[in-house]
Amino acid sequence: MGPFTDLQSEIEKRSLSSGGWPSGNGRSAAIETTCLALMALHDRQVTARDKAIDLLLRTQNADGSWPAFEGDDAEGCWVTSLAIVTLRFLQSPCSRIDEALPWLLNNGGREGHWLWRWKFRTVDRRVQFNPDKYGWSWFPGTASWVIPTSFSVLALQQSFPCCGPPHVATRLQLGIEMLFDRACPGGGWNAGNGIVNDAPLSPHIDTTAVALLALAEHIAEPIPFQALTWLRQASMDCSSGYSLAWSALAFLTSQDPALDACIARLRTALSSTRSIPNTETLSLAAIALDATQGNANPFQVEHENK
C-alpha cells in the first residue's frame, strides 16, 4: 500500500453505497469502522465521506447513544464514545454530541453497583482489582474494560477541556483511576485486568496504546510511564499494521522519540504483500501518517486556558 492519498482512495472504494463502512465482509455499516474511516477521510471532500456522516447521524439512538451496527437494537454501546470523538473531529453539529454526553456519563461498568462491588470483594477473588474504581463497558450491564474506558475518557476530556461540572470531573477521575488500577504489573494493559488467579497477564500493544492516548496528561506518572517504556520495546518486534498505527498515535501524543522508528515499521507493514489490510487498519494507518505530518490528530486533547 502506497502513500497517504493511496490509503484514502482505497478506504473510499470500500464504502457502502448506503453510507458507512462494514467490518470485514459484512453488509451493514459498523459504527466503529465507519468512525475510523471518517477520521481518515476528514479532509477529503468525497461522496463516501458525506454519506458516512449522514449514516452516523441517522443511526444515533433516541437516548443519544449509538449501536454497534446500523439496524441493531436501540441500545447503545461503547462506540458512542468513538462517535463523539469522530463528530467533534469532523466539526459536525454540536447538538448531536450534546445529546450523547448524558448517556456516556450515566453509563459505567457493572462493578459500579454496590452488589457487584460486594461480589468482587468477597466472593469472586479470581481477578484482582479495586471495584470502587470503575470505567466503561463494551455493552451496558457488563464489567469495565480498558478500551471502552479509554475512549470514554478521551471523549469526555475533549468535550470538557477544563474538566467541566463537578459530576463530569468525578466520573472522569473514576475512569482514569480504573485505568491505573487495571495496569499489568510489568507495564501496559491487557483487555481487562492485570492479574487473574494470582497470575500477571501479558499486556497487548493496541490496548496499551489506546490507554496511553487517554492518559497523555499523566504520562510522567509511574504507571503510564512504565507502559510507554513497555510499548517502545514491544512495538520494535511488531509487524501488525493495526498495532503499529495505534502505537504511532500514542508515541505522537506523548511526544516520544520512538515515533519515527514506529512509523517506518508501519510503512513496511503496509507495503507487505502477505495480506490485504482490513479497513480498520488502513484507516488507522492513514490517521497516524497524516497526524505525524503535523496535521490534526483526532485523539489529541486540546486544553483551553483556564
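The values are calculated or read from the model by the stated rules, or taken from the named source; none is laboratory data. From a predicted model like this one, the values you see are computed outputs, not experimental measurements. A quick note on method: Cβ atoms are made from the backbone with ideal geometry, for glycine too, and the neighbour counts reach across all protein chains shown. Only protein heavy atoms, including side chains, enter the accessible area calculation; ligands, DNA and RNA are left aside. Shrake-Rupley method; radii C 1.70, N 1.55, O 1.52, S 1.80 Å.
Note on residue 96: accessible area is roughly 70 Å² with a 1.4 Å probe, heavy atoms of protein only. Each of 243, 86, 187 was placed along the dipole of the chain (beta-carbon charges, centred on the mean Cα), and the one lying farthest toward the positive end is 187. Projecting label points 7 angstrom from Cα along Cα→Cβ for residue 92 and residue 260 puts them 3.8 nm apart. Look at the alpha carbon pairs under 8 Å that are at least 6 residues apart: their mean separation over the length of the chain gives a relative contact order of 17 percent.
Computed in the context of the full set of protein chains, the accessible area of the chain at 1.4 Å probe radius has 52% of its extent on carbon or sulfur.
Within region 172-293, all pairs of alpha-carbon atoms sorted by distance into 10 Å bins from zero give the percentages 14, 45, 30, 10, 0. Using R0 = 41 Å, the C-beta based FRET efficiency linking residue 54 and residue 160 works out to 0.90. Ellipsoid semi-axes for the chain, based on the Cα gyration tensor and the rule √(5λ), read 29, 24, 18 Å when sorted largest first.
For residue 69, the residues 5 or more places off, or on other chains, whose built amide H falls under 5 Å of its own are 31. Taking R0 as 45 Å, what FRET efficiency do you get between residue 47 and residue 191 from their Cβ-Cβ distance, rounded to the nearest 0.05? Step by step, r from the Cβ atoms, then E = 0.80.
Protein heavy-atom accessible surface, 1.4 Å probe, per residue over the chain: 44 Å².
Given the DSSP H assignment, sum -39500 (n - 2.57) over each helix run of at least 4 residues in the chain and divide by its residue total; what's the result at 222 nm in deg cm²/dmol, nearest 500? Computed ellipticity for the chain at 222 nm equals -16000 deg cm²/dmol. Multiplying the residue separation of residue 62 and residue 300 by 0.36 nm and subtracting their alpha-carbon distance yields 82.8 nm. Once C-alpha pairs closer than 8 Å and six or more residues apart are averaged by separation and normalised to the residue number of region 142-292, the relative contact order reads 19 percent.
Size of the dipole of the chain about the Cα centre, Lys and Arg at +1 and Asp and Glu at -1 on the beta carbon, nothing else charged, in debye to 20?
400
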